[in-house]
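Colleague: Structure provided below as structure tokens; questions to follow.
The values are calculated or read from the model by the stated rules, or taken from the named source; none is laboratory data. This structure is a prediction, so every number in the text was calculated from the model and none was measured. Backbone-built Cβ (ideal geometry, glycine too); neighbour counts: all protein chains shown.
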Amino acid sequence: MAARQVAGLAEPWSGVPAMLRRRGLRWTPQRRLLIEVLTTIQGHITGAELVERCRGLDPSTIPSTVYRTLDVLEELGLVRHCHGADGREEYHVLPADDHGHLYCGGCGAVAEIPEDAAAALTAALRASHGFSVDVSHVTIVGRCPRCARAEPEAEVGRGP
Ligand SMILES: [Zn+2]
Ligand SMILES: [Zn+2]
Ligand SMILES: [Zn+2]
């Protein structure tokens, strides 16, 4: 890992210290570390993984501090939580819009549900059940194309 930058944070994270202070939260080294870790992430990461990465850089990291800070960052729109296949919280860093997720039970890959597919899904459920879907909380479990292709081969099973 490259040397951590100790000077300014890049946009849109540079405003975070002031936003936290406005909410009565101090800008602490642990919070700063979390933000620095978040700036290196593209897309999704689980809460546990975030805690682990912070711990790797600062063993005194307190998980509850990480999760509390994530709650505030979500209110600020910098992260958005969803739920993995097992219900545990995952975070989308700098989400562009609300989206659902496809979760591969074979390899654990996560993909976003394309906007047109999500629109078709929510329209169908609204029509059939009068139900308004919270797209950001939709996680569909299945098999990604690669795992779906790999499975028939696995079933053939070459003996030793
Ligand atoms: Zn939730
Ligand atoms: Zn996402
Ligand atoms: Zn897969």
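Colleague: For region 83-94, state whether one or more residues are within 23 Å of Ser14 (Cα to Cα), within 16 Å of ligand 2 (Cβ to nearest atom) and hydroxyl-bearing (Ser, Thr, Tyr).
Modeller: Yes, some residue in region 83-94 is within 23 Å of Ser14 (Cα to Cα), within 16 Å of ligand 2 (Cβ to nearest atom) and hydroxyl-bearing (Ser, Thr, Tyr).
Colleague: Looking only at region 71-85, how many residues end up being of a type in the set (Asp, Glu) and either within 16 Å of ligand 3 (Cβ to nearest atom) or under 15 Å from Leu50 (Cα atoms) (or both)? Write out each step before concluding.
Modeller: Keep residues of region 71-85 that are of a type in the set (Asp, Glu), which gives 71, 74-75.
Add one more test, that the residue is either within 16 Å of ligand 3 (Cβ to nearest atom) or under 15 Å from Leu50 (Cα atoms) (or both), and what stays is 71, 74.
Matching residues across region 71-85 total 2.
To keep it simple, each residue is scored yes or no on (1) within 14 Å of ligand 3 (Cβ to nearest atom); (2) at pLDDT 90 or above.
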{"residue": "Leu94", "(1), (2)": "no, no"}
{"residue": "Asp98", "(1), (2)": "no, no"}
{"residue": "Pro114", "(1), (2)": "no, no"}
{"residue": "Ala120", "(1), (2)": "no, yes"}
{"residue": "Leu125", "(1), (2)": "no, yes"}
{"residue": "Ser128", "(1), (2)": "no, yes"}
{"residue": "Val141", "(1), (2)": "yes, yes"}
{"residue": "Ala150", "(1), (2)": "yes, no"}
{"residue": "Arg158", "(1), (2)": "no, no"}
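Colleague: Only one of (1) in a helix (DSSP H, G or I); (2) farther than 19 Å from Arg26 by Cα; (3) hydroxyl-bearing (Ser, Thr, Tyr) fails for Tyr91. Which number is that?
Modeller: Unmet for Tyr91, out of (1) in a helix (DSSP H, G or I); (2) farther than 19 Å from Arg26 by Cα; (3) hydroxyl-bearing (Ser, Thr, Tyr): (1).
Colleague: Please find, within region 54-94, the residue that is surrounded by the most Cβ atoms within 10 Å (Cβ to Cβ) out of those that are of a type in the set (A, V, I, L, M) and touching a His at 6+ places or on another chain (Cβ under 8 Å). Let's see the steps before the verdict.
Modeller: Within region 54-94, the first condition is being of a type in the set (A, V, I, L, M), and the residues that meet it are 57, 62, 66, 70, 72-73, 76, 78-79, 85, 93-94.
Add one more test, that the residue is touching a His at 6+ places or on another chain (Cβ under 8 Å), and what stays is 70, 79, 93.
On the way: Leu70: 20, Val79: 22, Val93: 18.
The selected residue is Val79.
Colleague: Further question on the same structure: Mind checking which residues of region 81-137 are among the aliphatic types (A, V, I, L, M) and either within 16 Å of ligand 1 (Cβ to nearest atom) or within 22 Å of Gly47 (Cβ to Cβ) (or both)? Break it down into steps so the answer makes sense when it comes.
Modeller: So the first thing to find is which residues in region 81-137 are among the aliphatic types (A, V, I, L, M), and the list is 85, 93-94, 96, 102, 109-111, 113, 117-121, 123-125, 127, 133, 135.
Within region 81-137, Ala85, Val93, Leu94, Ala96, Leu102, Ala109, Val110, Ala111, Ile113, Val133, Val135 qualify.
Colleague: Here is a list of conditions, (1) more than 28 Å from Glu112 (Cα to Cα); (2) assigned to a helix (DSSP H, G or I), and Leu25 meets all of them except one; can you say which number that is?
Modeller: Failed condition: (2).
Colleague: Taking into account only those residues within region 18-47 that are in contact with a Lys or Arg (Cβ under 8 Å, 6 or more places away or on another chain) and within 14 Å of Thr69 (Cα to Cα), which is surrounded by the most Cβ atoms within 10 Å (Cβ to Cβ)?
Modeller: For region 18-47, the residue satisfying everything is Val37.
Colleague: Would you confirm, using the coordinates I've provided, whether Cys107 is within 16 Å of ligand 3 (Cβ to nearest atom) and either in contact (Cβ under 8 Å) with a residue 40 or more places away in the chain or of a type in the set (Lys, Arg) (or both)?
Modeller: yes
Colleague: Specify which of the listed residues (Ala85, Ala18, Ala48) is at pLDDT below 90 and not in a strand (DSSP E or B).
Modeller: Ala85
Colleague: For a quick check of your reading of the model, give me the residue pairs whose first member lies in region 40-65 and is touching a residue at least 24 places away in the same chain (Cβ under 8 Å), whose second is within 16 Å of ligand 1 (Cβ to nearest atom) and of a type in the set (Lys, Arg), with beta-carbon atoms closer than 8 Å and at least 6 apart or on different chains.
Modeller: Sorted first by the residue in region 40-65, then by its partner, the pairs are Thr46/Arg88; Gly47/Arg88; Ala48/Arg88.
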